[in-house]
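J.: This is the structure I want to talk about, given as structure tokens.
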Amino acid sequence: KHTQNLSAGLVGYTNFSKVSDNLYVDDLGKSLNGVINRQFNQEVGTRYTNAGWSVLTRVQNYQTLQPDPTIQTALPYDREPQVNAKYIRNNWNGLNFSFESDATRFTYKGLSSADRTFSAGNRAYAVSSVAKPFMMPGYYLTPKLTLRSTQYTVDPFPGQADLNRNVTLPTFSLDSGLVLERDALELNNVFNRNILMTLEPRVFYVNTPYKSQSDLPLFDTGAAGFGISQIFSENTFAGNDRIADNNKVTLGVTSRILDADTGVERLRGVLAQRIDMSGQQVTLTGPAPTQAQTKRSDLLAGLSTRLAGNFNLDGLV
């Protein structure tokens, strides 16, 4: 690993790792993470930041180990190269703006597999959003409008058809909540300090129209997972190859126990659930469901506590 300051705001870097053979981590892995890891990043690039702009240029390859010849591990797509530019400006006449554009050449060095249907491809996308936060001591309300446009020009494996397609979709979201607090006198003796207790209900709504994307590649995209941060997000996918159709509302409530004198959070409990009002049709692979149904997500319950000093204990069910 190396980082080099090239000029004001411009940094060059490299993050390169390579091992000698497919059994290296089985023989010489010194930690659990080292034994599990089968991919080694080989990346070189530059980062530039100035006046709200950040620009990334890089070439990124992977060495993927194949320790078992009977079980082939699917290779990731390499980025050869990628150029990404972002601009963020908050509180401009009360509005928050963001813009991101990206152009990447993806290449695949393995053979065709069930989850790799294209040998190479170009993907370019642009995402712009504007939000208007209304922030008050007791409540907040943030409507946000996002427009995403993605263009694909990809090369198939032999015997498959070319793909040249654009997907443009808007997303509207509305994040709102209350922040109520009181002096929890009954807890002062328990914690041996002055305690504040809060009650913070939150409602998050997101709407994105449906557009079929089953024919598009999966260059860098997977399921975002299911947790407190993901349940309040606009997209159920992580990456830039799928835009989930949304008509969802997430309901949550957080309660905190705070040190009234220092603001230190001693205890936090969270409950949240997402309601899909029209049923999501966009999936990672395969055709859309024939009948999308309204459904509730699992109920998330989280508890976080600060013990002595900087020790914290977190749990999520």
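J.: Going down the list 132/211; 248/295; 109/211; 18/109, which pairs span over 19 Å between their C-alpha atoms? Provide the component values of the computation, followed by the final result.
T.: On the way: 132/211 27 Å; 248/295 10 Å; 109/211 30 Å; 18/109 17 Å.
Violating the 19 Å limit, Cα to Cα: 132/211; 109/211.
J.: Relative contact order of the chain, please, whole-number percent, based on alpha carbon pairs below 8 angstrom and at least 6 residues apart.
T.: On the way: 741 pairs, mean separation 27.6, N = 317.
Relative contact order for the chain comes out at 9 percent.
J.: Once the dipole of segment 63-153 is set up with Lys and Arg at +1 and Asp and Glu at -1 on Cβ about the Cα centre, which of 107, 94, 67 lies farthest towards its positive end?
T.: My answer, from the dipole projection, is 94.
J.: How would you rank 89-100, 246-257, 203-214, highest first, on the average number of other Cβ atoms within 10 Å across their residues? Walk me through the intermediate numbers first.
T.: Numbers: 89-100: 12.4, 246-257: 18.7, 203-214: 17.0.
Ranked from most to least packed, the peptides come out as 246-257, 203-214, 89-100.
J.: Another question, then. Pick out, in residue order, every one of the trypsin sites (Lys or Arg not before Pro) in segment 104-182 that is DSSP loop and has at most 13 other C-beta atoms within 10 Å; say none if there are none. Kindly include the intermediate steps, with their values, before the conclusion.
T.: Numbers: sites: 105, 109, 116, 123, 144, 148, 165, 182; in loops: 109.
Those satisfying the criteria are 109.
J.: To continue, here is another question. Please give the charge dipole size of segment 187-300, origin at the Cα centre, charges +1 on K and R Cβ atoms and -1 on D and E Cβ atoms. Round to the nearest 20 debye. Write down the numbers at each step before the final one.
T.: Working: 11 positive and 11 negative charges, 67 e Å.
Its charge dipole is roughly 320 debye.
J.: A further question follows. So who's got an amide H within less than 5 Å of the one on residue 117, skipping anything under 5 residues away but keeping other chains? H placed 1.01 Å off N, in plane.
T.: 218
J.: For segment 145-194, what is the relative contact order in percent, using Cα pairs closer than 8 Å and at least 6 residues apart in sequence?
T.: Numbers: 45 pairs, mean separation 15.7, N = 50.
Across segment 145-194, relative contact order equals 31 percent.
J.: Roughly how far apart, in whole Å, are the Cα centres of segment 43-85 and segment 242-261?
T.: Segment 43-85 and segment 242-261 have Cα centres spaced 32 Å from each other.
J.: Residue 246's amide H: which non-local residues (gap 5+, or another chain) put their own amide H closer than 5 Å, with H modeled 1.01 Å from N in plane and none for Pro or chain starts?
T.: 208
J.: Then there's this: Once phi is turned into ³J(HN,Hα) by the Karplus curve 6.51 cos²θ - 1.76 cosθ + 1.60 with θ = phi - 60°, what whole-Hz value does each residue of segment 139-149 show in order, with x for glycine and proline?
T.: Listing the rounded values in order: 7, 8, 8, 10, x, 9, 10, 10, 10, 10, 10 Hz.
J.: Tell me the mean residue ellipticity at 222 nm calculated for the chain from its helices only (DSSP H runs of n ≥ 4, each -39500 (n - 2.57), averaged over every residue, nearest 500). Each step should come with its number before you reach the end.
T.: Numbers: 4 runs with 18 residues, N = 317.
The per-residue figure over the chain is -1000 deg cm²/dmol.
J.: For segment 44-50, what does the Karplus curve 6.51 cos²θ - 1.76 cosθ + 1.60, with θ = phi - 60°, yield as ³J(HN,Hα) per residue in whole Hz, taken in order and with x for Gly and Pro?
T.: Rounded to whole hertz, the list is 9, x, 9, 10, 10, 10, 5.
J.: I'd like the Karplus ³J(HN,Hα) series for segment 119-126: coefficients 6.51, -1.76, 1.60, θ = phi - 60°, whole numbers in Hz, and an x wherever there's a Gly or Pro.
T.: In residue order, the calculated couplings are 7, 6, x, 10, 10, 10, 9, 9 Hz.
Throughout, read-outs are computed from the coordinates displayed, never taken from laboratory work. Only a predicted model underlies this, so the values are computations on that prediction, with no experimental measurement involved. Cβ coordinates were reconstructed from backbone atoms using ideal geometry, including for glycine residues, and neighbour counts include every protein chain displayed.
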